[in-house]
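The values are calculated or read from the model by the stated rules, or taken from the named source; none is laboratory data. Just so we're clear, the structure is a prediction, and the values are computed from it rather than from any experiment. Virtual Cβ from ideal backbone geometry, glycine too; neighbours counted across all protein chains shown.
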Amino acid sequence: MIALRWALGLILAGIGGGFFVLTMVASGFRKSFGASEINPLLQILPIAAMLVLLAGLIAPSNRILLHIGAVCAVAIMGYCVWVMLYESAQVVWVGLIYMAGWLYFYWRSAYPLTPP
């Protein structure tokens, strides 16, 4: 489980950092071309969801964080399915696979087979 936590955490930190840098760079390019700014909700909401998922990985003994993270993971999976169906973006399979791994971690951490 430690290896799974590290793998999920490093992937999430890399994606989260990359997303943050990408939104900052994209915002600068949009302004330079005279386009309107990106909705701040579309910038903050994914980062907030990633932070909740990361908090569940850092503190797996906190069941509230795990449950909130599971709700975020299910919402992200629903969004990924929606994007696949309506936008034909097959790359979101990566997001689905990652969320499946996170939900497996959640299942093993929130409901262990042996009592703590």
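Conditions (1) more than 16 Å from residue 4 (Cα to Cα); (2) within 14 Å of the chain's Cα centre (by Cα), marked per residue:
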site: 59; (1), (2): no, no
site: 62; (1), (2): yes, no
site: 74; (1), (2): yes, yes
site: 97; (1), (2): no, yes
site: 103; (1), (2): no, yes
site: 112; (1), (2): no, no
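Checking each residue in the stretch 21-65 for being β-branched (Val, Ile, Thr) and free of Cβ contacts under 8 Å to residues at least 12 places away in the same chain picks out 21, 25, 44, 64. If you check residue 78 against the conditions, is it surrounded by fewer than 12 Cβ atoms within 10 Å (Cβ to Cβ), at pLDDT 90 or above and in a helix (DSSP H, G or I)? The answer is yes for residue 78.
Could you list, in sequence order, all residues of the stretch 28-43 that are within 23 Å of residue 79 (Cα to Cα) and either of a type outside the set (A, V, I, L, M, F, W, C) or in a helix (DSSP H, G or I) (or both)? Those that are within 23 Å of residue 79 (Cα to Cα) and either of a type outside the set (A, V, I, L, M, F, W, C) or in a helix (DSSP H, G or I) (or both): 37, 39, 40, 41, 42, 43.
Within the stretch 90-102, residues that are without any contact (Cβ under 8 Å) to a residue 40 or more places away in the chain sit with their Cβ atoms under 8 Å from residues that are small (Gly, Ala, Ser) and crowded, with 17+ Cβ neighbours inside 10 Å, at 6+ positions apart or across chains, in these pairs: 99/73. Test residue 90 against the criterion of being farther than 16 Å from residue 8 by Cα, exposed (fewer than 11 other Cβ atoms within 10 Å of the Cβ) and among the polar types (S, T, N, Q), and give yes or no. So residue 90 passes the test.
Can we say residue 47 is aliphatic (A, V, I, L, M) and not in a helix (DSSP H, G or I)? The answer is no for residue 47.
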